[in-house]
1. Restricting the search to the stretch 157-191, which residues are in contact with a helix residue (DSSP H, G or I) (Cβ under 6 Å, 6 or more places away or on another chain), touching a residue at least 24 places away in the same chain (Cβ under 8 Å), farther than 21 Å from LEU64 by Cα and more than 16 Å from the ligand (Cβ to nearest atom)?
2. From the set of residues in the stretch 249-281 that are assigned to a loop (DSSP other than H, G, I, E, B) and at negative phi, which is nearest to the chain's Cα centre (by Cα)?
3. If LYS126 satisfies all but one of (1) away from the ligand (no atom under 11 Å from the Cβ); (2) modelled with pLDDT of 95 or more; (3) touching a Phe, Trp or Tyr at 6+ places or on another chain (Cβ under 9 Å), what's the number of the condition it fails?
4. Filter the stretch 220-234 for residues that are buried (at least 17 other Cβ atoms within 10 Å of the Cβ) and more than 24 Å from ARG33 (Cβ to Cβ); which is farthest from the ligand (Cβ to nearest atom)?
5. Please work out which one of (1) within 16 Å of the ligand (Cβ to nearest atom); (2) over 20 Å from GLN32 (Cα atoms); (3) among the charged types (D, E, K, R) is the condition GLU153 fails and give its number.
6. Yes or no: the stretch 235-248 includes at least one residue that is within 10 Å of the ligand (Cβ to nearest atom), assigned to a strand (DSSP E or B), modelled with pLDDT of 95 or more and out of contact with any Cys (no Cβ under 6 Å at 6 or more places or on another chain).
7. Only residues that are of a type in the set (S, T, N, Q), within 14 Å of SER255 (Cβ to Cβ) and more than 15 Å from the ligand (Cβ to nearest atom): list them for the stretch 56-101, please.
8. When you scan the stretch 72-88, how many residues do you find that are assigned to a helix (DSSP H, G or I) and out of contact with any His (no Cβ under 8 Å at 6 or more places or on another chain)?
Amino acid sequence: MIAKKIVLGWTTMSWLIEQEPEQKDLAARFLQRMDSGPIMKIPGAHDGMAARIAKQFEFEAIYLSGAAYSASRGLPDLGLIYSNEVADRARELIRSSGLPLLVDIDTGFGGILNAARTAKEMLEAKVAAVQIEDQEMPKKCGHLNGKRLVSIEEMQQKISIIKEMCPSLVVIARTDAKGVEGMESAIDRASHYMAAGADGIFPEALENEQEFRRFRAAVDCPLLANMTEFGKTPYFTADQFQSWGYNMVIYPVTSLRVAAKAYERVFTEISRTGTQVQSLDDMQTRKELYDTIRYDEYEKLDGKIAQREGGDAK
Ligand SMILES: C[C@](O)(C(=O)O)[C@H](CC(=O)O)C(=O)O
């Protein structure tokens with residue numbers, strides 16, 4: 001009897017302390033925010049800790065970047081990862097934050113059926129929204145040269161199969177056409193992707209204000225801007241994107257880049273001096289770390305279990 005109570009208690013608690021929303025609720029929140037209100041600032045979170053900190057700072061949604069995910073595994077962003085691996089990381093981010101998550105699913109990791117499989121895995125991981133791009137495999141970072149595109153028809157089929165199989169999954173269709181075929185083609189592709197059921201459009205690698213405004217004037221649906229670092233897009237603020245009519249802005253690789261630079265700094269210090277003391281001010285303290293992951297509450301939970309096992313069922 002006691003054992004049963006404990007099991008029921010666990011099922012109502014997500015990862016392990018907080019109540020985790022359902023996929024449909026997370027997707028509805030994302031959709032509602034991308035359709036209305038001020039621009040949604042969506043930071044990339046490459047791991048569970050980054051996701052928890054994004055939540056502390058009250059971001060309404062987070063982004064799982066293909067580039068950051070790949071780099072976190074020591075790999076380049078060249079389509080070397082698989083859908084199930086990305087779904088596992090996505091699940092970790094949702095469990096640790098309970099936030100709506102937009103996942104970069106690259107090309108859908110292959111052809112049309114692969115895109116369908118990917119979408120199903122994302123749905124099962126409780127992902128709110130996916131971003132799928134119209135590049136050919138092997139894909140490249142959108143801010144590099146030498147990209148190749150799939151046909152409009154193939155991309156439309158990918159979008160429509162995702163919407164058919166996973167209607168509650170929000171789909172942001174990314175077009176890489178601006179850098180390959182030019183602005184008019186990017187606009188044309190966007191209208192075909194919307195016709196296939198995309199909920200929003202991500203025009204990749206626009207290079208100036210005029211291009212952002214031109215795209216907005218021609219495309220009537222929620223739009224996402226990509227404020228990645230060291231790319232083709234100059235540094236604009238969220239307010240600027242908002243004033244040009246954009247609904248969302250992602251900062252896809254920022255968390256990984258700052259973390260990697262911080263490792264570089266402290267590893268240099270340790271290798272040169274044999275101590276990390278000069279870097280202590282740049283670190284989360286033990287308390288800050290434990291507060292972020294709610295360590296105390298896990299201990300309390302553990303205490304309760306120990307008590308119950310000892311015979312106290314309260
Ligand atoms: C958005 C992006 O696809 C990503 O993987 O995060 C990349 C970001 C980057 O490489 O800076 C992109 O192609 O823009």
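1. Correct list: GLN157, ILE161, MET165, ILE187, ARG189.
2. Residues of the stretch 249-281 assigned to a loop (DSSP other than H, G, I, E, B): 252-253, 274-276.
Within this subset, residues satisfying the condition of being at negative phi are 252-253, 275-276.
Working: PRO252: 7, VAL253: 10, THR275: 35, GLN276: 32 Å.
Of everything passing the filter in the stretch 249-281, PRO252 is nearest to the chain's Cα centre (by Cα).
3. It fails just one condition, (3).
4. Taking the stretch 220-234 first, the residues buried (at least 17 other Cβ atoms within 10 Å of the Cβ) are 221-228, 231-233.
Keeping just the survivors that are more than 24 Å from ARG33 (Cβ to Cβ) gives 231-232.
Values: GLY231: 5, LYS232: 9 Å.
Across the stretch 220-234, the extreme among qualifying residues is LYS232.
5. Looking at each condition in turn, GLU153 falls short on (1).
6. Going residue by residue through the stretch 235-248, those that are within 10 Å of the ligand (Cβ to nearest atom) are none.
No - not one qualifying residue is present in the stretch 235-248.
7. Within the stretch 56-101, GLN56, SER96, SER97 qualify.
8. Within the stretch 72-88, the first condition is being assigned to a helix (DSSP H, G or I), and the residues that meet it are 72, 83-88.
Add one more test, that the residue is out of contact with any His (no Cβ under 8 Å at 6 or more places or on another chain), and what stays is 83-88.
Of the residues in the stretch 72-88, 6 are assigned to a helix (DSSP H, G or I) and out of contact with any His (no Cβ under 8 Å at 6 or more places or on another chain).
The values are calculated or read from the model by the stated rules, or taken from the named source; none is laboratory data. The model shown is predicted, which means the values in this text are computed figures rather than measured ones. Heads up, the Cβs are rebuilt from the backbone with ideal geometry, glycines too, and the neighbour counts pull from every protein chain shown.
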